[in-house]
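Input: a single structure, listed below in structure tokens.
The values are calculated or read from the model by the stated rules, or taken from the named source; none is laboratory data. Keep in mind that what you see is a predicted model, and the values were worked out from it rather than measured. Reconstructed Cβ throughout: ideal geometry from the backbone, glycine too, with neighbour counts over all protein chains shown. In case anyone asks, the SASA skips ligands and DNA or RNA and just uses the protein heavy atoms, side chains included. Shrake-Rupley method; radii C 1.70, N 1.55, O 1.52, S 1.80 Å.
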Amino acid sequence: MSNVETDPQETVCTDAPDDGAGAAAAVEVLEPRDVPLGGPRAMTVRRTLPQRQRSMIGAWCFADHYGPDDVSATGGMDVPPHPHTGLQTVSWLFTGEVEHRDSLGTHCLVRPGELNLMTGGFGIAHSEVSTPGTTTLHGAQLWVALPQAHLDAPRQFQHHVPEAVRVEGATLRVFLGTLAGQASPVETFTPLLGAELVLDPGATVTLDVDPGFEHGILADSPGVAVEGTPVARAALAFLPTGRSALRLANDGDEPARALLLGGLPFEEEVVMWWNFVGRRHEDIVAAREAWMAHSERFGEVEGYEGPVQHLPAPVIPGVRIRPRSNASRGPRGS
Ligand code: MN
């Protein structure tokens with residue numbers, strides 16, 4: 001979906017090198033903040049990335065968790081055509097259905113348990129509308145930053161339905177990367193992991209992971225614990241590099257769902273503003289100008305029905321936001 005904040009802050013994301021304490025580091029729990037998506041009845045999402053404490057996990061640079069929302073109360077999702085640059089979007093639903101249209105000509109339904117990966121390197125535009133049959137909307141919107149070498153990657157849309165596989169104590173759906181012997185065929189521009197986990201009631205599950213990756217566990221249910229640390233619903237547990245296994249537990253009486261994200265630490269500085277990812281402030285300015293000028297850079301979305309056919313970009317703040325670093329890693333730093 002779009003970042004439809006009316007006054008989005010420009011965010012400079014850098015990844016500081018590990019200080020060597022990684023293997024012994026405590027789990028760092030990133031708390032979500034509520035972000036209303038605009039409009040009188042609009043849905044509110046819970047954002048854990050980026051935030052002051054941490055900007056990225058691997059190349060994952062944006063994480064919104066939403067729902068379960070009663071669509072009759074919130075009006076559901078209706079995001080007019082809007083642009084993206086320098087990133088890939090992952091729309092992952094738990095419940096509901098969203099109609100996607102983009103400037104490649106893609107028209108498809110986003111459904112629970114199915115990966116829909118949209119690449120907007122140089123530029124893409126898309127719209128997202130929950131379908132009339134959707135009564136409950138529940139899912140996550142995730143962005144992946146593209147590395148410099150692929151910042152201008154052509155538009156692409158990939159769809160993949162991962163098989164649900166059982167491990168002792170959990171059911172996994174691996175939509176990007178490799179976990180528990182399951183590999184997603186979808187290629188990524190940097191090494192990444194993305195998987196949905198459903199932990200059995202009372203289960204403790206140990207998963208082998210790449211020690212070169214940093215990891216995040218976004219809890220969708222109460223009862224999730226990571227390495228013994230409780231992670232509230234919609235919070236994101238962060239684990240630095242240096243771990244070869246993750247121990248997850250479900251302390252509850254019901255199955256508990258979480259998303260596991262991972263990736264090699266992203267070494268490049270990233271500037272994010274609104275729906276654009278770039279390297280410099282000037283990249284953002286140029287992308288905004290191109291969008292507002294209806295440039296071919298983004299193309300046109302056909303078939304979206306709504307009064308707004310081209311979501312206007314907010315005004316860019318007059319001052320540059322100072323770079324901030326991933327160095328402040330909470331409990332570990334001091
Ligand atoms: Mn979007």
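Quick notes on this structure:
- Restricted to region 120-131, and to residues there that are surrounded by fewer than 22 Cβ atoms within 10 Å (Cβ to Cβ) and modelled with pLDDT of 95 or more, the residue that is nearest to Asp78 (Cα to Cα) is Thr131.
- Checking each residue of region 27-42 against the condition of being under 17 Å from Val110 (Cβ atoms), within 16 Å of the ligand (Cβ to nearest atom), at pLDDT 80 or above and touching an Asp or Glu at 6+ places or on another chain (Cβ under 7 Å) gives no match.
So that you can scan it fast, the table gives a plain yes or no per residue for (1) modelled with pLDDT under 95; (2) of a type outside the set (Lys, Arg):
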site	(1), (2)
Ala258	no, yes
Pro265	no, yes
Ala287	no, yes
Arg322	yes, no
Gly333	yes, yes
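- Residue match in region 177-196 (condition: open to solvent by 10 Å² or more (accessible area, probe 1.4 Å), farther than 25 Å from Val226 by Cα and in a strand (DSSP E or B)): no
- Residues of region 99-117 satisfying the condition of being within 14 Å of the ligand (Cβ to nearest atom), aliphatic (A, V, I, L, M) and open to solvent by less than 10 Å² (accessible area, probe 1.4 Å): Val110, Leu117
- Taking the criterion of being surrounded by 21 or more Cβ atoms within 10 Å (Cβ to Cβ) and on the phi < 0 side of the Ramachandran plot, the residues of region 264-277 that qualify are Phe266, Val270, Val271, Met272, Trp273, Asn275, Phe276, Val277.
- Test result for Ala140, within 16 Å of the ligand (Cβ to nearest atom), aliphatic (A, V, I, L, M), touching a Cys at 6+ places or on another chain (Cβ under 6 Å) and touching a residue at least 12 places away in the same chain (Cβ under 8 Å): no
- Checklist (1) in a strand (DSSP E or B); (2) within 16 Å of the ligand (Cβ to nearest atom) applied to Thr171, failing item: (2)
- Residue within region 255-278 that is free of Cβ contacts under 8 Å to residues at least 60 places away in the same chain and farther than 22 Å from Arg46 by Cβ present: no
- Filter pass, Glu10 being away from the ligand (no atom under 13 Å from the Cβ) and either at pLDDT 95 or above or at positive phi (or both): no
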